[in-house]
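Student: What follows is a single structure, and I will ask about it in a moment.
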Amino acid sequence: MTRSGAAYVEGLRDARTVFIDGERVDDVTTHPAFANSVRSIARLYDIADDPSNRDLMTFGSPTTGDPVNRAFMIPRSREDLALRRGAIRRWAESTFGLMGRSPDHVASFLAAFASAPDIFARGGQQFADNIVRFHEYARDNDLYVTYTIVPPQIDRSKPAHEQADPHLYAGVREERDDGIVVKGAQMLGTGSALSDWILLSCIHPLREGEENQAISLVVPLNAPGLRVHSRRSYAGAASSMFDYPLSSQFDETDSLVVFDDVFVPWEHVFVYRDRAITRSQFFETPAHTLGNNQAQIRFATKLHFLTGLTRRIAEMNGTAALPPVQGTLGEIAGHAAMVEGLVLAQEAHCEIDGNGVARPGRAELYANMMFQSSLYPAVLQMVRELCGGGLIQLPSSREDFGNPEIAADLERYVQSPGMSSVERVKLLKLAWDAVGSEFASRHHQYEMFYAGAPFLVKGHMFRNYDFASAQELVESALQGYDLDGRIDAMPPGAGVPQRGDVGAMS
Ligand SMILES: Cc1cc2nc3c(=O)[nH]c(=O)nc-3n(C[C@H](O)[C@H](O)[C@H](O)COP(=O)(O)OP(=O)(O)OC[C@H]3O[C@@H](n4cnc5c(N)ncnc54)[C@H](O)[C@@H]3O)c2cc1C
């Protein structure tokens, strides 16, 4: 069943090995680099656990009947996808779309994996049983699972086994009767220091000889040998919540994750030394579409937030009535509406697969993903353009308001009609943290790369667009005339397959 934020926080006190700034972290729930983000995640759990949100956030567990988070639901219809969206959006609104790897992200992948046990069974029925069982376990215990599915860059020209050491990229080092031993690292685990379990796999295409990396498994964060090396903490560096309201609350602390001979019992292994199944788990199951559908609902929420923020600043500055400013605001809003529209279109064009699972429309999903890497920087640019130097003409910290001599100048020169100096500074510091701070810069990189490098995403788009019906349309045009002119008067659309609302996958 759903758990409270307090229960989530308690679960993190498990002797996990997390390092930051040269030291091992005693307790992530109290360490300044992590504590506020833990609180933000705890708040998500409280929202889902609140009885007044039960219909929005939960569904009945198929095994226990207890309310469990909708992100773990295997959607069977367009309506299910819409219900899922409602829950995901509610969470995203509470972080303003700024926590990309909230618990509903990997929960979506797990639901999709479990919806297609046949694919895991290709390696042996026990692997299918393992993924179904773990999905149920994570769902019924409301676990926060993050993932690390990309190897470190090191030298991408060489496969894992041709690197200077064959155990640089996380993979199997030893097979035992009771499980496997994993050694190596993965590039980045967003939120891993804050989560309960981590999923290890590889989404990059694996080459022959990389069978040891062709795995999918889960480990608890306190597994012996698992080390989480956090990047610099933006929350820890934030001088105050007033000065850095977003960095201080929503820093997901992306980390290098090292598996130093981590033992994984067989029951936690879903794919074992099989390159084809490792890839199929993402692209043949609905995992890549369901997981990224969650990511895009979050992204749409973030753009909605940025749109509101920018309009408010334009109104504060007295520029909102100027036609060019309205044009730029309209352009930002248009980007937000397009992303939202493509999310909704994924439901309208969902496909019911052979397992009876509703898969979000692929063309719309990959279109959104493809545009995201250029759309987000473009939106940031427009927000900056409308904010001007106000983002920089800000007091050094909230302490300035405590000094009467400084405060007097701020009250006189850093204010706007109807807004006190504190209110103006508060709004602009929020905007700076959204578009200009180190936290914001990390978000820029995140939105460009979280779903894979842009060149790869374009390949997904290529593979998932309905080129066949597009080419039939061209064919019908070509058949309509020849050297002598029009051949036949065709009713509009004749011979062109029309797309249904909800299709069945062949
Ligand atoms: C903020 C952030 C958070 C992340 N969180 C997670 C996480 O939680 N879990 C996780 O598993 N991963 C995470 N990642 C990693 C993410 O999945 C990868 O960054 C992404 O898959 C791209 O891989 P890469 O960074 O190795 O880029 P690369 O593959 O090295 O690509 C970098 C650039 O090199 C060029 N390039 C490389 N190869 C080619 C090629 N074959 N053809 C043409 N051009 C090429 C392109 O210009 C490309 O944009 C995160 C990344 C970021 C930035």
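The values are calculated or read from the model by the stated rules, or taken from the named source; none is laboratory data. Nothing here was measured: the structure is a model prediction, and the numbers come from that model. All Cβ positions, glycine included, derive from the backbone under ideal geometry; neighbour counts span all protein chains shown. The protein model used for the area step is the full one, side chains on, heavy atoms only, and it has no ligands, DNA or RNA in it. Shrake-Rupley method; radii C 1.70, N 1.55, O 1.52, S 1.80 Å.
Student: Between Thr58 and residues 5 or more places away or on another chain, which pairs have amide H atoms under 5 Å apart, with H built 1.01 Å from N, and which residues are they?
Tutor: Long-range HN contacts for Thr58: Arg70.
Student: In addition: Could you give the size of the charge dipole of the chain about its Cα centre, using +1 on the Cβ of each K and R and -1 on the Cβ of each D and E, expressed in debye and rounded to the nearest 20? List each step's numbers first, then the result.
Tutor: On the way: 47 positive and 64 negative charges, 107 e Å.
With Lys and Arg at +1 and Asp and Glu at -1, about 520 debye.
Student: Still on this structure, I have one more. Rolling a 1.4 angstrom probe over the protein heavy atoms, how many square angstrom per residue are accessible across region 287-464? Can you show the working numbers first?
Tutor: Values: 7420 Å² over 178 residues.
Here the residues of region 287-464 average 42 Å² of exposed surface.
Student: In the full protein assembly as shown, how much of Asp488 is accessible to a 1.4 Å probe, in Å² to the nearest 10?
Tutor: 90
Student: Can you tell me the Rg and Dmax of region 117-158, counting just the alpha carbons, in angstroms?
Tutor: That works out to 15.0, 42 Å for Rg and Dmax.
Student: Also: Expressed as a whole percentage, what fraction of the accessible surface of the chain belongs to carbon and sulfur atoms when a 1.4 Å probe is rolled over the protein heavy atoms? Before the final figure, lay out the partial values.
Tutor: Details: 11410 of 21590 Å².
Reported share for carbon and sulfur atoms: 53 percent.
Student: Taking only protein heavy atoms into account and a 1.4 Å probe, give the accessible area per residue of region 5-283 in Å². If you can, show how the numbers build up before the last one.
Tutor: Working: 10350 Å² over 279 residues.
Accessible area per residue, region 5-283: 37 Å².
Student: Continuing with this model, one more query. Quick check: with the 1.4 Å probe, what order do Lys183, Lys429 take by accessible area, largest first?
Tutor: On the way: Lys183 55, Lys429 20 Å².
Most to least solvent-accessible, the answer reads Lys183, Lys429.
Student: OK, next. Within the P(r) computed for region 5-283, what percentage of the Cα pairs occupies the region above 35 Å? Working shown, then result.
Tutor: Numbers: 6325 of 38781 pairs.
Cα-Cα pairs in region 5-283 separated by more than 35 Å: 16 percent.
Student: Another one. Hey, what number do you get for the chain at 222 nm if only DSSP H runs of n ≥ 4 count, each worth -39500 (n - 2.57), divided across all residues, to the nearest 500? Intermediate results must be reported in sequence, preceding the final value.
Tutor: On the way: 18 runs with 237 residues, N = 506.
Roughly -15000 deg cm²/dmol at 222 nm, from the helical runs in the chain.
Student: If amide hydrogens are placed 1.01 Å from N in the peptide plane, which non-local residues have theirs closer than 5 Å to the one on Met187?
Tutor: When sequence neighbours closer than 5 places are left aside, the close amide H contacts are Val150.
Student: Just to check I understand the Karplus step: with θ = phi - 60° and J = 6.51 cos²θ - 1.76 cosθ + 1.60, what whole-Hz values come out for region 460-471, glycine and proline as x?
Tutor: 4, 4, 4, 6, 10, 8, 7, 5, 4, 6, 5, 6
Student: Taking every eigenvalue of the Cα gyration tensor of the chain, multiplying by 5 and rooting it, what semi-axes result, largest first, whole Å? List each step's numbers first, then the result.
Tutor: On the way: eigenvalues 285, 235, 93 Å².
Square roots of five times the eigenvalues give 38, 34, 22 Å.
Student: Straight-line reach from Lys429: which lysines fall under 22 Å, measuring Cα to Cα and dropping same-chain residues less than 8 apart?
Tutor: Straight-line reach from Lys429, under 22 Å: Lys302.
Student: Not counting ligands, DNA or RNA, and with a 1.4 Å probe, what is Ser239's accessible surface area in Å² rounded to the nearest 10?
Tutor: That residue has around 80 Å² of solvent-accessible surface.
Student: Below 8 Å between Cα atoms, with a sequence gap of 6+, how large is the relative contact order for region 1-91 in percent? Show your work: numbers first, answer last.
Tutor: Details: 91 pairs, mean separation 24.6, N = 91.
Contact order relative to length: 27 percent.
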